[in-house]
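Data first, discussion second: the structure below is written as structure tokens.
The values are calculated or read from the model by the stated rules, or taken from the named source; none is laboratory data. Please read all numbers here as calculations on a predicted model, not as lab measurements. Here the Cβ positions follow ideal geometry from the backbone for every residue, glycine too, while neighbour counts run over all protein chains shown. Areas reflect the complete protein model, heavy atoms only, side chains present, ligands, DNA and RNA absent. Shrake-Rupley method; radii C 1.70, N 1.55, O 1.52, S 1.80 Å.
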Amino acid sequence: MSSYILAIDQGTTSSRAIIFDDHLKTVAVSQQEIPNDFPKPGWVQMDAHEIYTSVEFVCLNVVQKAGISVFDIKAIGITNQRETTIVWDRATGLPVYSALVWQSRQSAELCEKVIRAGHAEKIRKKTGLPVDPYFSASKIRWILDNIENGQQRAENGDLMFGTVDSWLVYKLTGHQRHVTDVTNASRTMLMNIDTLNWDKELLDIWNIPESMLPLICDSSQVYGYSSLFGSQIPIAAIAGDQQSALFGQMCFDEGQCKNTYGTGCFLLFNTGNKRVESKNGLVTTVGWKIGDEVVYALEGSVFVAGAAIQWLRDGLKLISKASDSKEIAESLKDSDGVYVVPAFTGLGAPYWDQHARGAIFGLTRGTTTAHLIRATLESLAYQTYDVIEAMENDTGMLISTLQVDGGACKNDYLMQFQSDLLQTGIVRPVNFETTALGAAMLAGLATGVFSDKNELRSNYEVERYFEPVQSAKQVQELIAGWKKAVKATMEF
Ligand code: ADP
């Protein structure tokens, strides 16, 4: 008899459902786009009802596409956009406001108030996070302040809060279960990442009643059953998208690191059972919890990565498709001292300069568009290098290999250059769908489809391994030039 796992990957721009077989091979995929609303500058909202109906659609559709019997689906795993905040009415199950998306800045003033009140250090100690509208706490506060009698209704126990995972489980179980997992809870700014419980002091700072909050669970366990397909299927995994990708990349051991090269880059570094406090502006987060095993991670992101390639294509019209950047970069023997710093929206870790703007350095009479293209592509690797350098400084560990995924990791030139800069190997797996894969693996572990991590490892297939070809000395000069370019950008 066959066993399949249904992974739901609920993202900011689309919902996806993927059926994996019991060797983690993709059987079918269904995807539906979902619109975002931008009611005011800096605000980003989604319709929570639409989030759920899109998930329902892709789940039903993917089973049809796969042509399998629903009785062979052994488990459902959920991975989701993190921090996005939904508040709904306990009696009706209806959202009381749109979902406030992670990018949304409408609660910036509330964060400033909390910082002015002197709580930032305490919050960072307990949660590993800087006070920022990005995380859920200020978004919940904002919703309670902006609906009628919000605080009163919350205190009466009439409202429920959830990140997208909680909302989906609540809907999929017919309003029976109100749960989340440690990875999602670690992004709310309300969970103490040492105790893995909601923290009374944090709740008081934001004045949020605990009765609104879901039960915090492991990332791999049966939370409840969905009757979406008629039969009862266990929902057996929940993990935030980046943590799920870390697991999907099988970065099970301390010191392992993955980078997703998408619009931006998301790097996660497994720090084992220790939480590491960053001195370089990285976030400390929970990687996963399975039974007694708790794994922590350091997280850093690059705001503009693949987006810089989109800029070459759509803004400057220098290339017609993103993948052309590889051949063009390879047509030159070197970048001839040209650097592009794509600080279009400021610089993230480890520089943290929100006022910085992009710059090009090292132009000569001989500079061509090919140099600009190559330097832009290389900027993804330099920015990744900077984040990994910060992670190595924070942990005192050196990464042995970097596991990669995301759209831009298909670019061989970029991967080779990344390997040279880091002087480490780069592992590119056959299956790029590491986010959904992580959720499927966690769900399979909870339901006996997989016996342990070793069995999971045996299914990992490397598509290509990149090894450094330039010497450490050669790249040191390149890196020194990049650092000068970043410094000059910040001073401009
Ligand atoms: P996201 O999930 O953030 O939307 P994806 O993982 O789908 O992103 O990756 C798309 C991004 O990767 C785009 O910004 C695109 O410019 C970039 N990209 C895609 N293919 C390549 C390539 N071959 N070389 C360089 N960049 C690429």
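Of the residues making up the stretch 59-84, those that are polar (S, T, N, Q) and open to solvent by 10 Å² or more (accessible area, probe 1.4 Å) are N61, Q64, S69. Scanning the stretch 300-340 for residues being among the hydrophobic types (A, V, I, L, M, F, W, C) and more than 23 Å from the chain's Cα centre (by Cα) gives a total of 9. Any residue at all in the stretch 191-202 that is among the aromatic types (F, W, Y) and within 23 Å of I34 (Cα to Cα)? For the stretch 191-202, residues among the aromatic types (F, W, Y) and within 23 Å of I34 (Cα to Cα): absent. Only one of (1) within 24 Å of F450 (Cα to Cα); (2) open to solvent by less than 20 Å² (accessible area, probe 1.4 Å) fails for M191. Which number is that? Status for M191: all satisfied but (1). Going by the conditions given, is V341 surrounded by 24 or more Cβ atoms within 10 Å (Cβ to Cβ), in contact (Cβ under 8 Å) with a residue 24 or more places away in the chain and more than 16 Å from the ligand (Cβ to nearest atom)? Criteria met by V341. Checked against (1) of a type in the set (S, T, N, Q); (2) without any contact (Cβ under 8 Å) to a residue 40 or more places away in the chain; (3) open to solvent by less than 60 Å² (accessible area, probe 1.4 Å), N36 meets all criteria but (2). In this structure, is D336 within 16 Å of the ligand (Cβ to nearest atom), without any contact (Cβ under 8 Å) to a residue 40 or more places away in the chain, open to solvent by 40 Å² or more (accessible area, probe 1.4 Å) and over 30 Å from A443 (Cα atoms)? It is false that D336 is within 16 Å of the ligand (Cβ to nearest atom), without any contact (Cβ under 8 Å) to a residue 40 or more places away in the chain, open to solvent by 40 Å² or more (accessible area, probe 1.4 Å) and over 30 Å from A443 (Cα atoms). Please go through the stretch 245-273 and pick out each residue that is among the β-branched types (V, I, T) and within 16 Å of the ligand (Cβ to nearest atom). Correct list: T260, T263. Only one entry of A359, A370, A408, A381 meets the criterion of being open to solvent by less than 20 Å² (accessible area, probe 1.4 Å) and more than 20 Å from L282 (Cα to Cα), and that entry is A370. State the number of residues belonging to the stretch 384-405 that are in a helix (DSSP H, G or I) and either open to solvent by 10 Å² or more (accessible area, probe 1.4 Å) or not small (G, A, S) (or both). Total meeting the criteria: 11. All of (1) in a strand (DSSP E or B); (2) within 16 Å of the ligand (Cβ to nearest atom) hold for P35 with one exception: (1). If you go through the stretch 318-333 and keep only what is within 21 Å of A359 (Cβ to Cβ) and either open to solvent by 80 Å² or more (accessible area, probe 1.4 Å) or within 10 Å of the ligand (Cβ to nearest atom) (or both), you end up with I319, S325, A329. Among the residues here, D181 qualifies as within 19 Å of T435 (Cα to Cα), more than 16 Å from the ligand (Cβ to nearest atom) and in contact (Cβ under 8 Å) with a residue 40 or more places away in the chain. Annotation note: Cβ proximity below 8 Å between a residue of the stretch 311-328 that is closer than 21 Å to G264 by Cβ and a residue that is of a type in the set (S, T, N, Q) and within 8 Å of the ligand (Cβ to nearest atom) (sequence gap 6+ or interchain) occurs for L312/S325; I319/S325; A322/Q310; A322/N411; S323/N411; S325/N411; K326/N411. Just one of (1) closer than 18 Å to V286 by Cβ; (2) polar (S, T, N, Q); (3) not assigned by TED's automatic domain parsing to the domain that holds A17 fails for T180. It is (3). Residues in the stretch 397-432 that are within 13 Å of the ligand (Cβ to nearest atom) and over 20 Å from the mean Cα position of the chain (by Cα) were compared, and the one that is nearest to A297 (Cα to Cα) is Q418.
Looking at Y97, is it within 25 Å of N146 (Cα to Cα) and either hydrophobic (A, V, I, L, M, F, W, C) or surrounded by fewer than 20 Cβ atoms within 10 Å (Cβ to Cβ) (or both)? The answer is yes for Y97. The sole residue among V87, V131 that is touching a Leu at 6+ places or on another chain (Cβ under 6 Å), surrounded by 22 or more Cβ atoms within 10 Å (Cβ to Cβ) and touching a residue at least 24 places away in the same chain (Cβ under 8 Å) is V87. So, of the residues in the stretch 260-288 that are surrounded by fewer than 24 Cβ atoms within 10 Å (Cβ to Cβ) and touching a Ser or Thr at 6+ places or on another chain (Cβ under 7 Å), which turns out to be nearest to L347 (Cα to Cα)? So, considering only residues that are surrounded by fewer than 24 Cβ atoms within 10 Å (Cβ to Cβ) and touching a Ser or Thr at 6+ places or on another chain (Cβ under 7 Å), the one nearest to L347 (Cα to Cα) is G264. Residues in the stretch 373-396 that are touching a residue at least 60 places away in the same chain (Cβ under 8 Å) and within 12 Å of the ligand (Cβ to nearest atom): I373, T376, L377, S379, L380.
Of all the numbered requirements in (1) hydrophobic (A, V, I, L, M, F, W, C); (2) in a helix (DSSP H, G or I); (3) within 25 Å of A297 (Cβ to Cβ), A154 misses one, and that requirement is (3).
No other residue among G346, G366, G315, G362 is within 16 Å of the ligand (Cβ to nearest atom) and out of contact with any Lys or Arg (no Cβ under 6 Å at 6 or more places or on another chain) apart from G315. Those residues that are open to solvent by less than 60 Å² (accessible area, probe 1.4 Å), in a helix (DSSP H, G or I) and within 29 Å of Y351 (Cα to Cα), I need them from the stretch 452-486; list them, please. If the condition is that a residue be open to solvent by less than 60 Å² (accessible area, probe 1.4 Å), in a helix (DSSP H, G or I) and within 29 Å of Y351 (Cα to Cα), then A472, V475, L478, I479, A480, G481, W482, A485, V486 are the ones that fit.
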